[in-house]
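Take a look at the structure below.
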Amino acid sequence: MNDQNLLRRLLSATCLAAALALASCATPTPYQPLSASTPQRSGGYSEQQLETDKWRVTFSGNTLTARDTVERYLLYRAAELTLAQGNDWFEIVNRYMEHEVRDEVRPNPFYDPSWDFGGWRPYYHYYAHAYGWRDWYPYSGEPAFDTRRVEQFEARAEIIMRKGTKPAGDGNLFEARDVLEKLGPGILRR
C-alpha cells in the first residue's frame, strides 16, 4: 500500500513538473537579457555601444510576443541604459522593426487510410481549433491539416544619450525617468 501511494505521489509530481515546464515555454518573452544559448527561442534585450554617447538597443520577442510589447520593452531598456550611463534623456535617431511571418502547416498525426465497404478511400483526422479532432474524407471538403500563422518581431533603435533638461517639442526625445515610471508597471519580468 505504501509503495502504491509513493508511486502515485511520484507520478503526480512528475506530471506537475511537466505541466509547469510546458507552461513556461508557451508564454510571451518577458523583459530579460537576450540569452546567448537560445536567442531565437527565448528572446530579450541586448545593447551595443557605437560611440561615447551612442548605443544600439535591440529587443527580440518570441512568436507569442506582440509588436507593441516588443516596442515598449525596447523603449524601457533604452531608458534603463541611459540612466545607467549617468545621463538624463535620450534621442532615438534610427529605428527599425523586423517582422517575420511564416505559415506553419501541421500534418495530420492520425493519418489513417482505411477500407470502407470493400473499397479504399482516403480517410484523415485533423484538428480544428473550435471543434477539436475531426474526421475528413474527400467528399466532405474539409482540410486534412492544421495551418497557423506565426509572427515574430525584433525592434532596434540607435539612441544618443544626453545630460540635463530635455528640449521640448520633439517626439523622438525621451526623459529616461519618465519612461521608467510610466512603462514600469506593465513590464513583465522573468
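Only the coordinates and a few stated rules stand behind these numbers; no lab work does. Just so it is clear, the model here is predicted, and its values are computed rather than measured. All Cβ positions, glycine included, derive from the backbone under ideal geometry; neighbour counts span all protein chains shown.
Sum up the charges of everything whose Cβ sits under 12 Å from the Cβ of residue 87, counting Lys and Arg as +1 and Asp and Glu as -1, but leave residue 87 out.
With Lys, Arg at +1 and Asp, Glu at -1, the neighbours total 0.
Given the Cα atoms of region 32-102, and with Rh set as the inverse mean 1/r over their pairs in the Kirkwood sense, what is Rg to Rh to two decimals?
Computed over Cα atoms, the ratio is 0.98.
Give me the lysines in straight-line cross-link reach of residue 54: C-alpha distance below 18 Å, same-chain residues under 8 apart excluded.
Reachable lysines: 163, 166.
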